1. At a Cα cut-off below 20 Å, give the aspartates and glutamates reachable from K87, other chains included and same-chain residues fewer than 8 away excluded.
2. With each pseudo-label sitting 7 Å past Cα toward Cβ, what's the R106-T58 distance in nm, one decimal?
3. Okay, which of the range 1-25 sit inside 11 Å, backbone N to the point 7 Å along the Cα-Cβ direction of K76?
4. Counting only protein heavy atoms and using a 1.4 Å probe, what share of the accessible area of the chain belongs to carbon plus sulfur, as a whole percent?
5. Calculate the dipole size of the range 28-85 relative to its Cα centre from +1 charges on Lys and Arg beta carbons and -1 charges on Asp and Glu beta carbons; express the result in debye to the nearest 20.
6. Consider just the alpha-carbon atoms of the chain and return their Rg together with their Dmax, both in angstrom.
7. Residue farthest toward the positive end of the dipole of the chain, with Cβ of Lys/Arg at +1 and Asp/Glu at -1: which of Y95, V2, A75?
8. For a quick check of understanding: with a 1.4 angstrom probe and all protein chains in place, what accessible area in square angstrom does F80 have, to the nearest ten?
Amino acid sequence: QVQLVESGGGLVQAGGSLRLSCAASTRTFSDYRMGWFRQAPGKEREFVAAIIWSGSATTYADSVKGRFTISRDNAKNTVFLQINNLKPEDTAVYYCAASSGWYGSRTSDFGSWGQGTQVTVSS
(Lines give C-alpha, C1' and ligand atoms only; values in the text may rest on other atoms or scores of the structure.)
Protein backbone atom coordinates (compact mmCIF):
# COMPACT_ATOMS: atom_id res chain seq x y z
CA GLN A 1 0.00 0.00 0.00
CA VAL A 2 1.08 3.50 -0.83
CA GLN A 3 -0.12 6.51 1.14
CA LEU A 4 -1.27 9.26 -1.21
CA VAL A 5 -2.22 12.85 -0.42
CA GLU A 6 -3.66 15.17 -3.05
CA SER A 7 -3.59 18.94 -3.01
CA GLY A 8 -4.17 21.88 -5.32
CA GLY A 9 -7.91 21.76 -5.85
CA GLY A 10 -10.14 24.78 -5.54
CA LEU A 11 -12.78 27.01 -7.09
CA VAL A 12 -11.85 28.31 -10.54
CA GLN A 13 -13.66 30.15 -13.28
CA ALA A 14 -14.20 28.45 -16.60
CA GLY A 15 -11.14 28.86 -18.80
CA GLY A 16 -8.80 28.91 -15.84
CA SER A 17 -6.08 26.47 -14.85
CA LEU A 18 -5.12 24.36 -11.86
CA ARG A 19 -2.19 22.15 -10.99
CA LEU A 20 -3.01 19.21 -8.78
CA SER A 21 -0.29 17.45 -6.83
CA CYS A 22 -0.17 14.05 -5.21
CA ALA A 23 2.52 13.20 -2.69
CA ALA A 24 3.28 9.53 -2.15
CA SER A 25 4.70 8.02 1.00
CA THR A 26 6.75 5.10 -0.20
CA ARG A 27 10.42 4.29 -0.70
CA THR A 28 9.66 2.75 -4.06
CA PHE A 29 7.62 5.44 -5.81
CA SER A 30 9.29 4.75 -9.14
CA ASP A 31 7.96 1.18 -9.02
CA TYR A 32 4.39 2.43 -9.46
CA ARG A 33 2.35 3.55 -12.40
CA MET A 34 0.39 6.55 -11.23
CA GLY A 35 -3.03 7.74 -12.25
CA TRP A 36 -5.67 10.39 -11.75
CA PHE A 37 -9.38 9.72 -11.61
CA ARG A 38 -12.33 11.98 -10.95
CA GLN A 39 -15.82 11.58 -9.62
CA ALA A 40 -18.61 14.06 -10.17
CA PRO A 41 -21.71 14.09 -7.94
CA GLY A 42 -24.00 11.21 -8.79
CA LYS A 43 -21.57 9.70 -11.28
CA GLU A 44 -19.13 6.82 -11.37
CA ARG A 45 -15.45 7.43 -10.73
CA GLU A 46 -13.78 7.80 -14.11
CA PHE A 47 -10.25 7.52 -15.42
CA VAL A 48 -8.51 10.77 -16.32
CA ALA A 49 -4.84 10.04 -16.94
CA ALA A 50 -1.97 7.71 -16.09
CA ILE A 51 1.81 7.77 -16.31
CA ILE A 52 4.31 4.94 -16.18
CA TRP A 53 7.19 4.76 -13.73
CA SER A 54 9.68 6.60 -15.92
CA GLY A 55 7.29 9.28 -17.09
CA SER A 56 8.03 8.41 -20.70
CA ALA A 57 4.53 7.21 -21.51
CA THR A 58 1.16 8.65 -20.61
CA THR A 59 -2.47 7.85 -21.35
CA TYR A 60 -5.51 10.11 -21.19
CA ALA A 61 -9.26 9.86 -21.33
CA ASP A 62 -10.56 11.23 -24.60
CA SER A 63 -12.54 13.88 -22.76
CA VAL A 64 -9.40 15.54 -21.37
CA LYS A 65 -6.86 15.12 -24.16
CA GLY A 66 -5.22 18.40 -25.07
CA ARG A 67 -6.23 20.11 -21.81
CA PHE A 68 -4.81 17.85 -19.09
CA THR A 69 -1.17 16.90 -18.64
CA ILE A 70 0.08 14.30 -16.18
CA SER A 71 3.69 14.31 -15.06
CA ARG A 72 5.80 12.98 -12.20
CA ASP A 73 8.90 13.79 -10.22
CA ASN A 74 10.32 10.55 -8.85
CA ALA A 75 12.91 12.40 -6.78
CA LYS A 76 10.07 14.08 -4.88
CA ASN A 77 7.64 11.16 -4.88
CA THR A 78 5.05 13.38 -6.50
CA VAL A 79 2.70 13.15 -9.46
CA PHE A 80 1.03 16.19 -10.99
CA LEU A 81 -2.02 16.94 -13.08
CA GLN A 82 -1.97 20.22 -14.96
CA ILE A 83 -5.49 21.19 -15.99
CA ASN A 84 -5.96 23.98 -18.52
CA ASN A 85 -9.04 25.59 -20.03
CA LEU A 86 -11.23 24.28 -17.24
CA LYS A 87 -14.88 23.64 -18.03
CA PRO A 88 -17.85 23.36 -15.67
CA GLU A 89 -18.09 19.66 -16.55
CA ASP A 90 -14.62 19.19 -15.02
CA THR A 91 -16.15 19.82 -11.61
CA ALA A 92 -15.44 16.72 -9.52
CA VAL A 93 -13.37 15.26 -6.75
CA TYR A 94 -10.01 14.32 -8.23
CA TYR A 95 -8.26 11.24 -6.90
CA CYS A 96 -4.67 10.14 -7.19
CA ALA A 97 -4.04 6.40 -7.45
CA ALA A 98 -1.09 4.02 -7.63
CA SER A 99 -0.83 0.79 -9.57
CA SER A 100 1.78 -1.94 -9.50
CA GLY A 101 0.59 -3.09 -12.90
CA TRP A 102 1.78 -2.02 -16.34
CA TYR A 103 -1.55 -1.08 -17.86
CA GLY A 104 -5.26 -0.62 -17.26
CA SER A 105 -7.56 2.32 -16.64
CA ARG A 106 -10.15 0.69 -14.44
CA THR A 107 -10.40 1.62 -10.79
CA SER A 108 -9.67 -2.03 -10.00
CA ASP A 109 -6.29 -1.70 -11.76
CA PHE A 110 -5.14 0.69 -9.02
CA GLY A 111 -4.55 -0.57 -5.51
CA SER A 112 -3.87 2.60 -3.54
CA TRP A 113 -5.94 5.77 -3.43
CA GLY A 114 -5.79 9.22 -1.94
CA GLN A 115 -8.66 11.00 -0.24
CA GLY A 116 -9.29 13.32 -3.16
CA THR A 117 -9.23 17.04 -3.81
CA GLN A 118 -12.27 19.03 -4.91
CA VAL A 119 -12.18 20.97 -8.16
CA THR A 120 -15.11 23.27 -8.81
CA VAL A 121 -15.41 25.22 -12.04
CA SER A 122 -17.84 28.10 -12.23
CA SER A 123 -19.33 29.23 -15.51
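1. Here the aspartates and glutamates satisfying the reach criterion relative to K87 are E44, E46, D62.
2. Rounded to a tenth, the inter-label distance reads 2.6 nm.
3. Under cut-off, by backbone N: 21-23.
4. Answer for the chain: carbon and sulfur cover 46 percent of the accessible area.
5. That gives a dipole near 100 debye.
6. Both quantities, over Cα of the chain: 13.3, 42 Å.
7. So the residue furthest toward the plus end is A75.
8. For F80, solvent-accessible area is about 30 Å².
The values are calculated or read from the model by the stated rules, or taken from the named source; none is laboratory data. As the structure is a computational prediction, the values presented were derived from the model and not from experiment. Heads up, the Cβs are rebuilt from the backbone with ideal geometry, glycines too, and the neighbour counts pull from every protein chain shown. The protein model used for the area step is the full one, side chains on, heavy atoms only, and it has no ligands, DNA or RNA in it. Shrake-Rupley method; radii C 1.70, N 1.55, O 1.52, S 1.80 Å.
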